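Below: the structure, in structure tokens.
The values are calculated or read from the model by the stated rules, or taken from the named source; none is laboratory data. Fair warning: this is a prediction, and the values are worked out from it, not measured in the lab. Virtual Cβ from ideal backbone geometry, glycine too; neighbours counted across all protein chains shown.
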Amino acid sequence: MGPVIDAVLGQGAGMAAWSVRLAIAAIFLEAAQHALQERETFAAAIGAYRILPGSWSGGASFAVPALQLGSSFALMVPQATRAGAGLALAVLLLFTVAIAINLQRGRRDIDCGCGGGAVQTISPALLLRNLVLCAGLVMSLASPPRIHFGAAATVGLAGFGVFLTGLYFATNQLLSNAQAFAAANRGFAA
Amino acid sequence: MTALIVANGLAWVAIAILVVAVLALARQVGVLHERVAPMGALTMDDGPEVGSDAPVFDLPLLGGGQRAIGRATGRAQLLFFLSPTCPVCKKLVPVLRSLPAGESGLDVILASDGEQAEHLAFYRREKLAPFPYVLSPSLGMTFRISKLPYAVLIGPDGRIAAKGLVNTREQIESLLVAQEMGVASLQEYIGRDVSHGGERISDAVV
């Protein structure tokens, strides 16, 4: 019985990793689209982090969405999925470190520039969100890139992927709402 | 087995609908936050008081030239404190453009501090040439600006007519209304005795 359960769990983890990849690919696609659509705002957000030399912001505002697009597509191609996950992890870790450094500097009022459907400033919650995404990518790196499952399982796993994507955007919106709520309360207390 | 597959498929449809509903609700709460934000500009109990003489400055302009701030010149001055990294400030620039400046005797002056190169790039990118733009840490410190975007309205007589943190068009306009009505801020007038023309006041603000 033991080996059977192990096999099911192993395959289950591989299948769940496929859903996670789908969700992260969608999240990165949206982030890249958002950054390119409002490229100047995104460049200003990168500049506001004060990590890169100021003159690099413009170039970085092209490079980051390009890397995001590349990793998004690579994630969904079995041959390239590991490379895609590695690239996505690198981009995500760069931003996470930049956020951590600025939180450490005490600068909480800068725009995160992270898309996700809602404007929000950097916060510890954002760090946590990024670390959860990183964990998803690590799981994706650790699982087999190519797994076979039937049509019914595909529907279920795609559904799970869409659910995770929706959950991510809802979380972002709620984080943004929480900041607006806190700001409104501060305003009245002042 | 078929039943299981159908049930599973239906469950996913239900979950997808629910997650969209949660997202929509969260978005609506976000929009409500924007709409219900305090209508009047909030003042912080800091810096020179409303009604007192504005501190006088003579500052170089970003586009070249000098600008006197705070003198009684017979024209009202709206000091708008902003920064290139503040998204709300950028959002309000079109509102500033639409204010009845010029002929109505109101000058809009943008104020900030920091590196000149960064501000010059911002000034060009956002096409801020129609506005006088001053860079002065001491101006912000004198008015005790701690949050952006912040606006200070100086009357034609050189006195501070109204001031506050402004996040929306309504809040900027409320400063101008506050000046016309002779109240310092929304808080002051909520705190006032209602019998002092409360009706007129609420009409003006809402």
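Observations, loosely collected:
- Test: residue in the stretch B:171-186 that is assigned to a helix (DSSP H, G or I), modelled with pLDDT of 80 or more, surrounded by fewer than 17 Cβ atoms within 10 Å (Cβ to Cβ) and touching a helix residue (DSSP H, G or I) at 6+ places or on another chain (Cβ under 8 Å): no
- Against the list (1) at pLDDT 85 or above; (2) more than 14 Å from the chain's Cα centre (by Cα); (3) more than 14 Å from chain B (Cβ to nearest Cβ), the condition residue A:146 fails is (1).
- Total residues in the stretch A:27-43 satisfying the condition of being surrounded by 20 or more Cβ atoms within 10 Å (Cβ to Cβ), within 13 Å of chain B (Cβ to nearest Cβ) and either on the phi > 0 side of the Ramachandran plot or in contact (Cβ under 8 Å) with a residue 60 or more places away in the chain (or both): the figure is 1.
- Criterion violated by residue A:132 - all others in (1) under 25 Å from residue A:103 (Cα atoms); (2) surrounded by 15 or more Cβ atoms within 10 Å (Cβ to Cβ) satisfied: (2)
- Members of the stretch A:104-161 that are in contact with a Ser or Thr (Cβ under 7 Å, 6 or more places away or on another chain), of a type in the set (Gly, Ala, Ser) and part of a loop (DSSP other than H, G, I, E, B): A:118
- Residue A:180 meets the conditions (1) touching a His at 6+ places or on another chain (Cβ under 6 Å); (2) more than 14 Å from chain B (Cβ to nearest Cβ) in every case but one. The failed one is (2).
- Failed item, numbered, when residue B:47 is tested on (1) modelled with pLDDT of 80 or more; (2) farther than 20 Å from residue B:177 by Cα; (3) in a loop (DSSP other than H, G, I, E, B): (1)
- Single residue of A:57, A:19 found to be more than 20 Å from residue A:131 (Cα to Cα), within 14 Å of another protein chain (Cβ to nearest Cβ) and surrounded by 19 or more Cβ atoms within 10 Å (Cβ to Cβ): A:57
- Residues of the stretch B:14-35 that turn out to be at pLDDT below 85 and more than 8 Å from every other protein chain (Cβ to nearest Cβ), as a count: 3
- Of all the criteria given as (1) free of Cβ contacts under 8 Å to residues at least 12 places away in the same chain; (2) crowded, with 18+ Cβ neighbours inside 10 Å; (3) in a helix (DSSP H, G or I), the one not satisfied by residue B:139 is (1).
- Lone unmet requirement of (1) within 22 Å of residue B:50 (Cα to Cα); (2) in contact (Cβ under 8 Å) with a residue 60 or more places away in the chain; (3) in contact with a Leu (Cβ under 7 Å, 6 or more places away or on another chain) for residue B:111: (2)
- Screening residue B:153 with (1) more than 28 Å from residue A:184 (Cβ to Cβ); (2) away from chain A (no Cβ under 13 Å) gives one miss only, at (1).
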